[in-house]
1. Tell me, please, whether a residue that is of a type in the set (D, E, K, R) and over 12 Å from the mean Cα position of the chain (by Cα) can be found in region 198-205.
2. How many residues does region 131-153 hold that are in contact with a helix residue (DSSP H, G or I) (Cβ under 7 Å, 6 or more places away or on another chain) and surrounded by fewer than 24 Cβ atoms within 10 Å (Cβ to Cβ)?
3. Which of (1) surrounded by fewer than 19 Cβ atoms within 10 Å (Cβ to Cβ); (2) free of Cβ contacts under 8 Å to residues at least 24 places away in the same chain does residue 344 not meet, given it meets every other one?
4. Got a sec? Which of 42, 59, 68, 63 is closer than 29 Å to residue 6 by Cβ, at pLDDT below 95 and away from the ligand (no atom under 14 Å from the Cβ)?
5. For residue 266, only one of the following conditions fails: (1) over 24 Å from residue 160 (Cβ atoms); (2) assigned to a helix (DSSP H, G or I); (3) within 16 Å of the ligand (Cβ to nearest atom). What is its number?
6. Please indicate, with yes or no, whether at least one residue in region 216-238 is crowded, with 24+ Cβ neighbours inside 10 Å and within 14 Å of the ligand (Cβ to nearest atom).
7. Can you tell me which residue among 103, 116, 98, 137 is outside the structural domain of residue 331 (by TED's automatic domain parsing), out of contact with any strand residue (DSSP E or B) (no Cβ under 8 Å at 6 or more places or on another chain) and within 27 Å of residue 302 (Cβ to Cβ)?
8. Which condition number does residue 352 fail, the rest of (1) without any contact (Cβ under 8 Å) to a residue 24 or more places away in the chain; (2) charged (D, E, K, R); (3) buried (at least 19 other Cβ atoms within 10 Å of the Cβ) being met?
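The values are calculated or read from the model by the stated rules, or taken from the named source; none is laboratory data. A quick note: this is a predicted structure, and the numbers were derived from the prediction, not measured. Here the Cβ positions follow ideal geometry from the backbone for every residue, glycine too, while neighbour counts run over all protein chains shown.
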Amino acid sequence: MPGFNTTAIHAGQEPDPLTGAVIPPIYQTSTFVQDGINVLRAGHEYSRGSNPTRNGFEAQLTALEHGAAGFAFASGLAAEDALLRALLRPGDHIVLGGDGYGGTNRLVNHLLGPWGVANTAVDITDLDAVAAAVRPGETALLWVETPSNPLLGIADLAGWARVAHDAGALLVVDNTFASPYLQRPLDLGADVVVHSTTKYIGGHSDVLGGAVVVADRAFRGKALAEAVGYQQFAGGAVAGPQDCYLAARGLKTLGLRMERHGSNALALARWLRDQPGIAEVLYPGLPEHPGHELAARQMSGFGGIVSLQFAAGEAAARTFAESTRLFALSVSLGGVESLVCYCSEMTHASVRGTELAVPTDLVRLSVGVEDVADLRADLAAGLEAALAAAPDRPVLSAV
Ligand SMILES: *Cc1c(COP(=O)(O)O)cnc(C)c1O
């Protein structure tokens, strides 16, 4: 079987048979001419049902995730929404990893809640709590992100899969942070992987997209591929050909980029933990991280996201986030350029004031692939500004 990078470059991306173009064309078309009524030339009828550019990207990602079938959507949340509506019925219950993407929480609570789908949020690192949250006969899905966002907790995916399957439920893993280069949840027992392809897969902050990749498994008497494929066609939240082209182009260099994201992130995390004013550096690649050993076992690297907590609290965190230059103040992550985010009021504003609220002294870094010395200098300037801004909020103020 070819290696990861060979698969990333070639799976679903064969040269155009008609012209020999090495890069398959972008099939920017809504419909396909028929040679007779319902006599389709290459199986394509209408681009909501299938489109060669989308199908090529789906095949490429499916191969990398070791799945049976993959489906591309207009955004990560569109993919999650389609998956949930394909599988769930009113009266179902979800066990939801508590430290996750704020938008997933909003979708599950605000859009699915009114349709009769309940959920329980759990600590992703506590398998006993996960098992205790299962409601026999009602829990249809367990849903987890690892590493989590933005606290970088690590969930034991094989353990979560056991709990799910013991309950007759499915395990869905949001693999956006790790990407298939670092972690393949289906190999660890998960049934479904979801992605925001907006992040590392696209990799250049120039496209919005999402994907679902399923294992060869059935649920409620139907193959997962059939259930999700029908939802994609009938619900219609598909990714367009231009977006699929950009995602497929990004995916070809995922391995190269993840190596650099990871080495930059590790170097900066090690440097940051020795800087004054920093209370915590959250990065699974640091040996003192509580999930370090588990991450080393189930991942092949630790990724490009680092979160920091400031000893002087909220004012220092906010000033830092507004002071860096190369690290641009922005939501999102996973692009070649570095970003900084003040999560409690940006990405995770929807869970403020709840038990899932993100600490107000925390900033999240999406470490890009720039030269690490330049990134370090930018962080140093931000730290200096943060320390200067918060002189009268000493560490002991909370005591
Ligand atoms: C961004 C993100 C999503 C949502 O994806 P969109 O493409 O923004 O809709 C879901 N999960 C995680 C982990 C994300 O980072």
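1. Here is the first cut: in region 198-205, the residues of a type in the set (D, E, K, R) are 199.
If we keep only those that are over 12 Å from the mean Cα position of the chain (by Cα) too, we end up with none.
The answer is no, given that none of the residues of region 198-205 is of a type in the set (D, E, K, R) and over 12 Å from the mean Cα position of the chain (by Cα).
2. Number of matching residues: 3.
3. (1)
4. Answer to the check: 42.
5. That leaves (3) as the condition not met.
6. no
7. Values: 116 fails: within 27 Å of residue 302 (Cβ to Cβ); 98 fails: out of contact with any strand residue (DSSP E or B) (no Cβ under 8 Å at 6 or more places or on another chain); 137 fails: within 27 Å of residue 302 (Cβ to Cβ).
Matching residue, one of 103, 116, 98, 137: 103.
8. All conditions are met except number (3).
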